[in-house]
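Reading through the structure tokens given below for one structure.
The values are calculated or read from the model by the stated rules, or taken from the named source; none is laboratory data. All of these numbers come straight from a predicted model, not from anything done at the bench. Here the Cβ positions follow ideal geometry from the backbone for every residue, glycine too, while neighbour counts run over all protein chains shown. Note: areas computed on protein heavy atoms with side chains; ligands, DNA, RNA excluded. Shrake-Rupley method; radii C 1.70, N 1.55, O 1.52, S 1.80 Å.
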Amino acid sequence: MDPLSNLFALNRFGIKPGLNAIRELTRAMGNPQSAYHCLIVAGTNGKGSVVAMVDAALRSAGYRVGRYTSPHLRSVTERFVVDNTVISESVLRREAASIQAHSERLVASGRLPHPPTFFEATTAIALSWFRRTRVDLALLEVGLGGQFDATNVVNPLAGVITSIGLDHQDYLGHTLEKIAGEKAGVIKPGMVVVTTEQRPELVTVFNRVCQERRARLVEATRGTVVVPTDEGVTAGEIQITTPQHAYPPLKLGLAGRHQVTNAIGAVRLMESLTEFGIPIAPEAIVDGLTTVTWPGRLDLVQSRNTGTVLLDVAHNPAAAATLSAYLRNAFPGGLPIVLSVMDDKDVDGIVLALLPNATRIVCTAAATARAIPPAELATRVRQLAGSLPVTAATDPLDAVKMIRRGADTVCVTGSIFLVGELLATTEPN
């Protein structure tokens with residue numbers, strides 16, 4: 001079987017939280033993660049944005065950086081990036097073949113009861129490729145939780161835990177405190193842990209684990225001041241002052257007020273690296289915050305076949321509330337929304353967050369078996385939407401064309417699969 005086909009076939013094993021498989025794999029590979037410094041980013045929302053900001057700043061500072069994120073929007077290759085260059089399909093195929101060979105030997109010897117999951121295999125691929133390409137630092141986005149996520153095989157110098165929300169509750173628990181405890185599983189002895197979370201009961205969880213493991217907790221917003229500049233009222237410029245440095249005025253490359261908090265987390269993380277002998281000049285930090293791009297996150301796209309579309313991967317109530325806050329300010333009259341939601345998500349929570357800023361909704365389904373069928377989703381939305389028009393369309397592109405009549409801009413959200421599908425079909429102007 002083709003190595004990439006075999007890689008995707010591992011999806012049949014689903015999600016299996018635990019570190020035994022990834023530890024056996026990396027041990028068989030000679031522990032590639034020990035060849036470079038690692039930074040880890042956990043949390044519920046904002047992880048990818050923080051990774052993207054730190055990646056851009058570290059590269060501006062002259063470091064060779066590997067970046068591993070998930071899930072992908074259009075191609076699995078997007079998960080693996082070194083120095084802002086996505087892995088080629090041919091190299092990914094070679095790496096996947098190597099992981100497959102290791103896995104088969106481990107299963108045959110009895111060291112693994114079955115092949116690794118898809119995420120375990122892609123994590124092993126990232127760690128191997130980063131060693132092969134001789135990165136200075138590797139940025140790893142945690143996939144699910146923290147304690148038993150495959151990325152937790154590394155011993156990071158430092159990391160960020162972003163805001164905590166209710167998501168993946170079947171795996172992580174049904175309270176914010178339990179979920180925070182799972183996220184805190186990434187904390188290792190001696191590391192610096194930066195958190196953008198501000199709720200005292202959740203910060204207490206992180207603080208307790210840091211004390212137990214002799215790690216140092218940095219509350220990103222504590223002692224940090226962010227103010228709009230004189231021009232910022234209209235131009236979006238802000239000025240960030242941390243306990244370590246007063247940064248010059250800047251405009252974040254990523255849209256949305258929530259990105260200010262993510263930026264603070266990224267800044268405090270990079271400031272902490274100095275104590276590990278990894279200095280980052282303030283100019284490089286500013287450059288990273290202003291030049292960063294992260295597709296599919298409040299991403300305004302214009303194309304011939306879709307017109308102007310605002311793409312956002314909000315797939316849980318907290319992310320939907322963030323999107324809704326952005327719509328309230330950027331589009332006060334609201335926008336028509338194309339929506340697809342996976343069957344394991346909090347549909348009611350997502351819809352209730354979006355309704356105040358929706359002018360009408362077309363329900364559709366991304367091309368995955370996990371997507372709720374459009375008619376079923378529309379029925380559930382109507383139960384919450386009152387008099388708001390709600391319809392269904394089988395094809396996402398048709399849904400955009402249907403809903404955009406009379407609208408300059410359409411919002412597409414609810415699923416990273418939907419956003420990726422629409423991005424793949426957009427035709428540049």
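Extension gain, LEU388-ALA369: 0.36 nm per intervening residue step, less the Cα-Cα distance, totals 4.1 nm. With the cut-off at 31 Å, tell me which of the pairs LYS251/LYS401; LYS251/LYS345; LYS16/LYS188 have Cα atoms farther apart than that. From the list (LYS251/LYS401; LYS251/LYS345; LYS16/LYS188), the Cα-Cα distance tops 31 Å for LYS251/LYS401; LYS251/LYS345. Among ALA21, ALA367, ALA320, the largest mean-square fluctuation in a Gaussian network model of the chain, built with springs joining Cα atoms closer than 10 Å, belongs to ALA367. Report the residue, chosen from GLY143, GLY14, GLY173, that carries the largest GNM mean-square fluctuation when the chain is represented by alpha-carbon nodes joined by springs under 10 Å. Per the Cα network of the chain with a 10 Å cutoff, GLY14 tops the list.
Each of [x] 21.4, 66; [y] 26.5, 87; [z] 21.9, 73 is a candidate for Rg and Dmax of the Cα atoms in Å; the one calculated from this structure is [x]. Since only PRO228, PRO248, LEU310 are under comparison, the one whose Cα sits farthest along the positive direction of the charge dipole of region 221-344, derived from C-beta charges on Lys, Arg, Asp and Glu, is LEU310.
Would you mind working out the magnitude of the charge dipole of region 169-261 relative to its Cα centre, with +1 at each Lys and Arg C-beta and -1 at each Asp and Glu C-beta, to the nearest 20 Debye?
On the way: 11 positive and 10 negative charges, 81 e Å.
Computed about the Cα centre, the dipole is about 400 debye.
Here the sum of -39500 (n - 2.57) over DSSP H runs of 4 or more residues, divided by the residues of the chain, equals -12000 deg cm²/dmol at 222 nm, to the nearest 500. TYR63 contributes an accessible area of around 50 Å² to the protein surface, as traced by a 1.4 Å probe with all chains present. For a straight C-alpha distance cut-off of 16 angstrom, the aspartates and glutamates reachable from LYS183 (same-chain residues fewer than eight places away being disregarded) are GLU141, ASP149, ASP167, ASP170, GLU197, GLU201, GLU212, GLU219. Using a cutoff of 8 angstrom between alpha carbon atoms and counting only pairs six or more residues apart, the relative contact order for the chain works out to 16 percent. Reported to the nearest whole Å, the Cα centre-to-centre distance from region 193-259 to region 99-171 is 27. Whole-Hz Karplus values for region 248-255 come out as x, x, 8, 10, 4, x, 9, 7 Hz, taken residue by residue from phi with 6.51 cos²θ - 1.76 cosθ + 1.60 and θ = phi - 60°; glycine and proline positions read x. Here HIS245 sits with roughly 60 square angstrom of accessible surface, probe radius 1.4 Å.
Rounded to the nearest 20 debye, what is the charge dipole size of the chain about its Cα centre when +1 sits on each Lys and Arg Cβ and -1 on each Asp and Glu Cβ?
Details: 40 positive and 39 negative charges, 128 e Å.
It works out to roughly 620 debye.
Between the amide H of MET191 and those of ARG216, distances stay under 5 Å, these residues lying 5 or more places away or on another chain, with hydrogens modeled in the peptide plane.
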